[in-house]
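Read through the structure below, which is laid out as structure tokens, and then see the notes.
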Amino acid sequence: MALQAEHLNHIRSFEASEGINVRDRQARLRALYAKAPQTAWVDDHARTIDRQVRACHPIHGHVVCGVDVPIDLPISVHKAVGGESDFPCPGEILAAALASCLDTAIRMIANLMKMELKNLEVKVSLGADVRGTLMMNDQIPVGFQSVHVEVDIKTSSDVPDKSLAVLLNAAEKSCVILQTLRNPPKLLVSRTVNQALECPELK
């Protein structure tokens, strides 16, 4: 498992400077948000498209993550419900969102605390009884019924356990995805329905 060379080179270009100071990077933003709270609102986006994977193809899809720097991802329906699991399934993308959000929260707060991390790995496991989504039993809920997060972190030997606890507690508190799952917002689904005579040809 490795990042694409162009992505890794971009990340490492920041390390080539004198160092990244999160406090300095956030200072101007904090001042702006304090003065104009409305500027603190952000929207993240993802969308599916059917230009290459036709809408009538039932077990794969194509999702675009982000707007400014979009990333295209092939999507597979999980084999447990009749798919192939040959690409990431939506549940794995949700797990990735939680893992990456907590990982970066830990990295940023460690930087704010001037704590050097030696190693960091966040693992997320989501569990579901798929009979719910297959609508086999009304008593079985549709959705994940278990979420397990494992954080493996290593720091310098002189970092006290109390400081590590402060770091991890602050990271959990500030992790947007984790807090969204713990306290879900109101969700609105809007629909636009049109009719077509047949499945369109691939573009």
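The values are calculated or read from the model by the stated rules, or taken from the named source; none is laboratory data. The structure displayed is predicted, hence computed values, not measured ones. When we count neighbours, we look across all protein chains shown, and the Cβ atoms used for this are built from the backbone with ideal geometry, even at glycine.
Filtering Ala80, Ala105, Ala96 for residues that are at pLDDT 95 or above and not assigned by TED's automatic domain parsing to the domain that holds Arg131 leaves a single hit, Ala80.
Specify which of the listed residues (Val159, Val193) is part of a loop (DSSP other than H, G, I, E, B), within 27 Å of Met108 (Cβ to Cβ), at pLDDT below 95 and not assigned by TED's automatic domain parsing to the domain that holds Pro58.
None of the others qualify; the one that does is Val159.
Restricting the search to region 11-26, which residues are at pLDDT 80 or above and of a type in the set (S, T, N, Q)? The answer is Ser13, Asn21, Gln26.
If you check Asn137, Asn119, Asn169 for being surrounded by fewer than 13 Cβ atoms within 10 Å (Cβ to Cβ) and in a loop (DSSP other than H, G, I, E, B), only one passes: Asn137. Scanning region 140-163 for residues that are among the hydrophobic types (A, V, I, L, M, F, W, C) and surrounded by 15 or more Cβ atoms within 10 Å (Cβ to Cβ) yields Ile140, Phe144, Val147, Val149, Val151, Ile153, Val159.
The residues on offer are Thr192, Thr155, Thr180, and the sole one that is under 30 Å from Gln52 (Cβ atoms) and hydroxyl-bearing (Ser, Thr, Tyr) is Thr192.
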